[in-house]
Amino acid sequence: MPSSPRILVAVMGDLIASERSPDRARLHADFNAAVQAANRGADAALVSPLTITLGDEFQGLATTLVDALALVRGLRLKLLATDVECRFAIGRVRLSSPVNREKAWNMMGEGLAETRDRLNEKSVGNAYRFHLGPDADPVIERLMDAVGSALTRAERGWTDRQRTVMLALLAEGRSVDQLSTTLKVTPRAVYKIRDAAGWDACSGWWDDLMAAAAALDARAS
């Protein structure tokens, strides 16, 4: 009896309005550097590495939804640090062809086209989009999309000062005390900037997304 198709998680991304960038060479250098760094940092989580398929798009295959979400979060924050806007789609895939462990292309499976369709919904402003597959509860998918939309609005609402603080805390893992020393302000000032940027809400939303992903991964195992 043939084995059932392997379930993996597609991770896809696309730069937003890259054609309007005043310095496309720098944009693509930053984009390539971020993708390469993500591959190095998430090697164990990826079964097929993030691969740039066109000048401003990439795709890869992760083992679990949790791995995919963590990868997307790190990549999103790294790109925001260089003022690069990118949207992402995470989708469960039933792979019916062998895994290409060198580059994320020339593979077939249910869910790949659907995840690509989610990525290409350009009328949707959400930077975080999900395709959980036909067996998943559509309400869960809509709720994860809604949380992703809330995160997107929060991130795009950060002032320059708020972005500096939030990215240092979230992407670099720096403490409030360390950041206050770097910025030459009091810890209280850092807390005030952090709170105005929606720290509690953003942290809670990410926790909720990761919890949902972990529960879905557990059901699939």
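The values are calculated or read from the model by the stated rules, or taken from the named source; none is laboratory data. The structure displayed is predicted, hence computed values, not measured ones. Note: ideal-geometry Cβ built from the backbone for every residue, glycine included; neighbour counts use all protein chains shown. Accessible surface areas use protein heavy atoms only, side chains included; no ligands, DNA or RNA. Shrake-Rupley method; radii C 1.70, N 1.55, O 1.52, S 1.80 Å.
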Exercise. Tell me, how many Å apart are the Cα centres for the range 61-112 and for the range 173-196?
Worked result: 33 Å
Exercise. Taking the chain, how many lysine pairs are there with alpha carbons less than 27 Å apart, if each pair must be eight or more places apart or span two chains?
Worked result: 6
For this session: Would you work out the charge dipole size for the range 91-221 about its Cα centre, treating the Cβ of every Lys and Arg as +1 and the Cβ of every Asp and Glu as -1, and quote it to the nearest 20 debye?
Result: 520 debye
Problem set entry | Kirkwood estimate for the chain, i.e. one over the average of 1/r between Cα atoms, Å | 18.2 Å
Exercise. Once the whole set of protein chains is in place, how much accessible area is left on residue 131, using a 1.4 Å probe, in Å² to the nearest 10?
Worked result: 30 Å²
Exercise. With no solvent and one point per C-alpha, what does the Debye sum give as log10 I(q)/I(0) for the range 96-221 at q = 0.19, 0.21 Å⁻¹?
Worked result: -1.08, -1.18
Exercise. Along the positive direction of the dipole of the range 76-199 (beta-carbon charges: Lys, Arg +1; Asp, Glu -1; about the Cα centre), which of 187, 133, 146 reaches farthest?
Worked result: 187
Exercise. Leaving out ligands, DNA and RNA but keeping every protein chain, what accessible area does residue 54 have, in Å² rounded to the nearest 10, with a 1.4 Å probe?
Worked result: 100 Å²
Problem set entry | By accessible area with a 1.4 Å probe, ligands and nucleic acids excluded, highest first: order of 64, 159 | 159, 64
For this session: Mind putting a number on the dipole of the range 39-105 about its Cα centre? Charges go on the C-beta only, +1 for Lys and Arg and -1 for Asp and Glu, and I need it in Debye to the nearest 20.
Result: 220 debye
Exercise. In whole percent, what relative contact order does the chain give with Cα contacts below 8 Å and a gap of six or more residues?
Worked result: 20 percent
Exercise. In the chain, which whole DSSP H runs stretch at least 30 Å along their own axis (Cα) and average -0.5 or higher on the Kyte-Doolittle scale?
Worked result: 199-220
Problem set entry | Exposure of residue 103 as accessible area (Å², to 10), given a probe of 1.4 Å and all protein chains | 90 Å²
Seminar exercise, completed: Charge dipole of the chain built from unit charges on the beta carbon (Lys, Arg +1; Asp, Glu -1), centred at mean Cα; most positive-end Cα among 201, 59, 213 is 201
For this session: Taking the Cα centre of the chain as origin, work out the dipole magnitude from +1 charges on Lys and Arg Cβ and -1 charges on Asp and Glu Cβ, in debye rounded to 20.
Result: 440 debye
